[in-house]
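The values are calculated or read from the model by the stated rules, or taken from the named source; none is laboratory data. Everything numeric in this text was worked out from a predicted model, so none of it was measured. Cβ placement follows ideal geometry from the backbone for every residue including glycine, while neighbour counts extend to all protein chains displayed.
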Amino acid sequence: MIYAGTCIVIFMLASELWIGADSRLIAISHTIEDGPPACKIYALGNVVYAHAGLLKDAAGRFDAAAVAHEVSVHATSVSRAAMGFEVAIVPPLKNILIELRGENPDYINSKIWGKTALEVAFLGSEGGKSKLVVLRFIIQEERGDIAVTTERLSCPGDCENGMTWAFLGKTKEVNRFLDENPGYLRRNGLRNTLQTLIAHQAAATPQYVSLPVDILRITPQGFEWIQRKKECGP
């Protein structure tokens, strides 16, 4: 059984980052069922990690958060943690996709081939400024084998003025709401906006996204939980 989850919303300002995540997991085997509530935001030393997509299997052979923890322990920066994760995650990701192809070929054919199987974000401060790296692992089938390619967003670098946003997982309704409500973030603030966006996505796709929303704020001084459920720990 493999657990998958969505959705993650990130806003990056010049001096701080805000990240919100929903609580729902789905369990994929021969069928698709509800999984237990889960925290998808992890504070790992000086690095914050979050993820959407295929997250772990029930047998412990694939665990994206555990890989993120392992590379973050030894990393000296957000960028190095992301680089280490990109290298370390591909072999176990390919192995779990092979297993899933045998258990549920319909899911692989409709949800995986040519699409993003795993999206992760590494966040924190570098040199006193906000840093965000997003990795998207895209899956292709080549002559019966599984090929993994990576799309990267690294900010500063790939964004103007050190400010950007990133949405991971099921976020079609998030984009629609922002398009139909220009200036919503400026009028309502970061906490309210994160809560509202994920709530609208949950209403639109309840089979994939559910409340409550966990929210973490990141500044050069450290991390602050704005709201969290018990699965996120103390």
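There is no residue in the range 133-148 that is touching a residue at least 12 places away in the same chain (Cβ under 8 Å), under 24 Å from Ser15 (Cα atoms), of a type in the set (D, E, K, R) and out of contact with any helix residue (DSSP H, G or I) (no Cβ under 8 Å at 6 or more places or on another chain). Against the list (1) modelled with pLDDT under 95; (2) within 28 Å of Ser110 (Cα to Cα), the condition Arg186 fails is (2). Here's a check for you: in the range 1-18, which residue that is touching a helix residue (DSSP H, G or I) at 6+ places or on another chain (Cβ under 8 Å) and not in a loop (DSSP other than H, G, I, E, B) is nearest to Glu126 (Cα to Cα)? Taking the candidates together, the pick is Met12. The residues listed here are Ala59, Ala14, Ala75, Ala4; of these, the one that is within 19 Å of the chain's Cα centre (by Cα) and among the small types (Gly, Ala, Ser) is Ala4. Can you say whether Leu185 is over 17 Å from the mean Cα position of the chain (by Cα) and crowded, with 17+ Cβ neighbours inside 10 Å, as far as the supplied structure shows? When the stated conditions are applied, Leu185 passes them.
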